[in-house]
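The values are calculated or read from the model by the stated rules, or taken from the named source; none is laboratory data. Please read all numbers here as calculations on a predicted model, not as lab measurements. Neighbour counts run over all protein chains shown; Cβ positions are idealised from the backbone, glycine included.
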């Protein structure tokens, strides 16, 4: 998958909102796989995949129904957003990574299970 942006996460969370919780894992897996296939196609051909787009998560979601943006963040929306972020973090690869360059003056550190799943007050980067 090509570079991941916050808008990708938001759109994926809104797509997952339309599904029963039990179906979200399989659906997100299919979308991530489609984004990976499109990214590979784009890398080889230099053009968008005819069905899955350019390899971004957003382009892989383009053919799916998307819930409207909620006026306020509901518990269900936040759970969906967290589910998407944690699922991508748990992939254990860098296929969605934006690189190792410093971001906004902070050094980027790789996402690991203990950092993604630890409570905020005990995370090493929050000390």
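Annotations
- Options 80, 59: the member that is within 21 Å of residue 41 (Cα to Cα), crowded, with 18+ Cβ neighbours inside 10 Å and modelled with pLDDT of 90 or more: 59
- Single unsatisfied condition, residue 66 versus (1) surrounded by 11 or more Cβ atoms within 10 Å (Cβ to Cβ); (2) modelled with pLDDT of 90 or more; (3) part of a helix (DSSP H, G or I): (3)
- Within segment 30-59, the set of residues being touching a residue at least 12 places away in the same chain (Cβ under 8 Å), under 28 Å from residue 74 (Cβ atoms) and not in a loop (DSSP other than H, G, I, E, B) comprises 31, 32, 34, 35, 57, 58, 59.
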